[in-house]
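Note sheet for the following structure.
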Amino acid sequence: MDFINLSLLVLMTGLACAAVFLRDLVRSAISLALMSALMAVVLYRLNSPYAAVFELSVVAGLITVLFVSVIALTKEEDQVREAGWPLYVFPLALAAFGLADLLVMRALFSSYQPAGYAAVGESFGATLWGVRSLDILGQVAVIFAGVFGVLALLREKPQTARQKQDAEKAKDGGEKLW
Amino acid sequence: MVTTYLIFAGLFFFIGLYALLTGRNMIRLLIGLEIMTKAVVLVFIMAGYLRGEEFLTQSYIITFIVVEVTLMAVALALVITAYRNTGSLDVRGLARLKG
């Protein structure tokens, strides 16, 4: 493992902690976007350029836009007060988990070595459209399910006849006043 | 070398899980979920790198990202709906919902 990738992973860990513990949600979302951008660089450096492009454009871009939009739709003064103890317990918990993680991963995977040869198959396009063509259909179905899910959740409640009359009366009253 | 990536993947997963378990703000919970997905992507890409099957794992990751975006969109729509109903982003408010 080279120094650049190690630095990127350490930076990503810091940004993940920032995303979780920063009080301002917009800053948290930006930390997450930066983490995704660094992840894209790591993917690119591990011979996966197509996944890197998707990570950068969709995860770092689109999901951040979604987060910022939702943060903007909710009022600033309604921000939830988080409990104080998770911030103080976190360094200890992270250190304990990190140690256990180190021991387990070393015991399980230290003998594994990279294949050391170029990717198998004709090209990425042949793999995506040939080997996994049915999955593309599944992805389209998932996107449609998501779109209709969002539409169903965010639809406006239809007004009853009484509500319409009240709204018209209020409008007329307003016009008479003017 | 491989071990180091997997250790970091474990750390990302832990940070995300910690946010999910201790957070109260619904948006922050989703941020935690998003951090956990980074761990999954890293493990996937390491598997491909190890076996020399980068094309296949990249296509898996693209599918995973599509599902992830859809999940986030629906989850954020649910957050907005919950905010309209309870007037707060506090996840504990959802325990009081009825019907």
> Under the Karplus relation 6.51 cos²θ - 1.76 cosθ + 1.60, θ = phi - 60°, what is the ordered set of whole-Hz ³J(HN,Hα) values for the stretch B:47-53, x standing for Gly and Pro?
Replying inline: 4, x, 5, 5, 8, x, 10
> Considering only A:Pro91, B:Ala39, A:Phe148, whose Cα is most displaced toward the positive end of the charge dipole of the protein assembly as shown, charges sitting on Cβ of Lys, Arg (+1) and Asp, Glu (-1)?
Replying inline: A:Phe148
>> If you filter the stretch A:1-83 for trypsin sites (Lys or Arg not before Pro), then keep DSSP loop positions with at most 15 other Cβ within 10 Å, what is left?
In response: A:Arg23, A:Lys75, A:Arg81
> So, in Å, what gap is there between the alpha-carbon centers of the stretch B:1-71 and the stretch A:12-56?
Replying inline: 11
> Taking θ as phi - 60°, what are the ³J(HN,Hα) couplings along the stretch A:129-137 by the Karplus curve (6.51, -1.76, 1.60), each to the nearest whole Hz, with x for Gly and Pro?
Replying inline: 8, x, 6, 10, 5, 5, 5, 4, 4
> Mind checking the dipole of the stretch B:1-69: about its Cα centre, +1 per Lys or Arg Cβ, -1 per Asp or Glu Cβ, Debye to the nearest 20?
Replying inline: 260
>> Expected output is a single nm value to one decimal: the length gained when fully extending between A:Ala170 and A:Ala107, i.e. 0.36 nm times separation in residues minus the C-alpha distance. What is it?
In response: 15.4 nm
>> Please compute, for peptide A:128-139, the average count of beta-carbon atoms on other protein chains lying within 10 Å of each residue's beta-carbon.
In response: 3
> Charges only on Cβ, +1 for Lys and Arg, -1 for Asp and Glu: so what's the dipole of the stretch A:3-120 about the Cα centre, in debye to the nearest 20?
Replying inline: 260
> Under the Karplus relation 6.51 cos²θ - 1.76 cosθ + 1.60, θ = phi - 60°, what is the ordered set of whole-Hz ³J(HN,Hα) values for the stretch A:100-113, x standing for Gly and Pro?
Replying inline: 4, 4, 4, 5, 5, 5, 5, 5, 8, 10, 5, 7, 6, 10
> Once Lys and Arg get +1 and Asp and Glu get -1 on their Cβ, which of B:Phe13, B:Ala75, B:Asn85 lies farthest toward the positive end of the dipole of chain B?
Replying inline: B:Asn85
> How high is the FRET efficiency between B:Asn85 and A:Val10 when r is their beta carbon distance and R₀ equals 45 Å, given to the nearest 0.05?
Replying inline: 0.65
> For the pair A:Ser133 and A:Val26, how long in nm is the line joining their label points, each one 7 Å along Cα→Cβ?
Replying inline: 4.8
>> Averaged over its residues, how many other protein chain Cβ atoms are within 10 Å of peptide B:33-45's Cβ atoms?
In response: 5
>> At a 10 Å Cβ-Cβ cut-off, how would you order A:Trp129, A:Trp85, fewest neighbours first?
In response: A:Trp85, A:Trp129
>> What does the structure give for A:58-64 when I average, per residue, the other chain Cβ atoms found within 10 Å of the residue Cβ?
In response: 4
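No lab work stands behind these numbers, since they all come straight from the coordinates. Only a predicted model underlies this, so the values are computations on that prediction, with no experimental measurement involved. FYI the Cβ positions are ideal-geometry reconstructions off the backbone, even for glycines, and counts take in every protein chain you see.
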